[in-house]
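Taking it in order: structure first as structure tokens, then the write-up.
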């Protein structure tokens, strides 16, 4: 129950991974056309999950790489500012702080004592010099789900670029980049999408695509990518301009297999399962006297449940869970559990009985 850290590998994913690895072992690049098909189908399914067009999707190696591509692609001016929160993961902080070398300032919005970051607090931080609001879909510590619809509305009204780090929500909670007016989004697939490391997604709205400088050009970034000695720096008219080189065929094959499962099941079903299991977990924890630190109003719920105890030693609780092979994260004096749709009510009961 630790998908917010690193997810276990499913049989379908391992099959997809091993199938492509065996193919390369036996045939080298003879089946390169199949690799290209994996890329096409994976791009299509990422677009389906996000509610975007396929040509708005680029593959990246990590969430941080996606954030950096966007942050380094903006034409900054001295006096510009970026609105960030004080509880986001560093992957969505340091790339923006790095722009301070261009005269950019950071405006910090602090989490309230109840673990929430109200939309009005973010809106109040925006001024005439704000270029970007960058925020997580779901916060990695307490699982608070930001109201992306409302934040997107504010950003659109104020003419501000809206960036989302979606790694702790994509694959667990449904989202639609169009409806939420998201300018760009990045996420790795190794958590809630149940994939191995090495392949993530970057979404860039077509309306802002050409406003972003390509900071990492390579052979694959250009229109005539196969004409290696004709050095024409004419970028692709799609987010693929941010893919500088060949993609990892093994990671692509595995990711394709998992995205087929997610799109087949549907994010509505998956979100309902995740919310149902975490509701059950929260109710049980509260009955046992633990303090649930995760905001749990209807539109705030995610797959992350964080709790603390006023009476029991957190280290001892963590040790007990570890001894029972209940995977979890212990951090900041709290325990974080993060079940996925395939976990069962009996498994939740097992965890509660251990506590």
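Here are a few things to note about the model shown:
- With neighbour counts taken as other beta-carbon atoms within 10 Å, the residues 242, 137, 327, 228 rank, fewest first, as 228, 327, 137, 242.
- Calculated FRET value between residue 44 and residue 232, using beta carbons and R₀ = 41 Å, to 0.05: 0.90
- In terms of other Cβ atoms within 10 Å, 12, 2 run from fewest to most in the order 12, 2.
- Reported label for calculated P(r) over Cα pairs in 10 Å bins from 0, in percent given [x] 5, 20, 27, 24, 15, 7, 2, 0; [y] 5, 24, 31, 24, 12, 3, 0; [z] 5, 21, 25, 19, 13, 10, 6, 1, 0: [y]
- Calculated [θ] (222 nm, deg cm²/dmol) that DSSP helices of n ≥ 4 give over the chain, each run adding -39,500 (n - 2.57): -11000 deg cm²/dmol
- FRET efficiency for residue 19 and residue 261, using Cβ-Cβ distance with R0 set to 22 Å, rounded to 0.05: 0.90
- Label-to-label distance, residue 157 versus residue 291, with points set 7 angstrom from Cα along the beta-carbon direction: 3.5 nm.
- Our compactness index for region 10-124, the C-alpha radius of gyration over the empirical 2.2 N^0.38 Å, is 1.52.
- Beta-bridge orientation, the chain: approximately 55 percent antiparallel, per DSSP, counting only bridges with both partners inside.
- Approximating the spin labels as points 7 Å out from Cα along Cα→Cβ, the residue 101-to-residue 213 distance works out to 1.1 nm.
- Across region 28-52, no residue has a backbone nitrogen under 14 Å from the label position 7 Å along the beta-carbon direction of residue 9.
- Neighbour-count ranking [beta-carbon atoms within 10 angstrom, fewest first] of 321, 350, 69: 350, 321, 69
- Theoretical FRET efficiency, 1/(1+(r/R0)^6), r = Cβ-Cβ of residue 279 and residue 224, R0 51 Å, to 0.05: 0.45
- Note on the chain: GNM, Cα springs under 10 Å; of 267, 334, 280, the largest mean-square fluctuation is that of 280.
- For the peptides 124-135, 38-49, the ranking by mean Cβ contacts within 10 Å, running from highest to lowest, is 38-49, 124-135.
A short reminder: the numbers here are calculations on the coordinates, not readings from a lab. Keep in mind that what you see is a predicted model, and the values were worked out from it rather than measured. We place every Cβ from the backbone using ideal geometry, glycine too, and count neighbours over all the protein chains shown.
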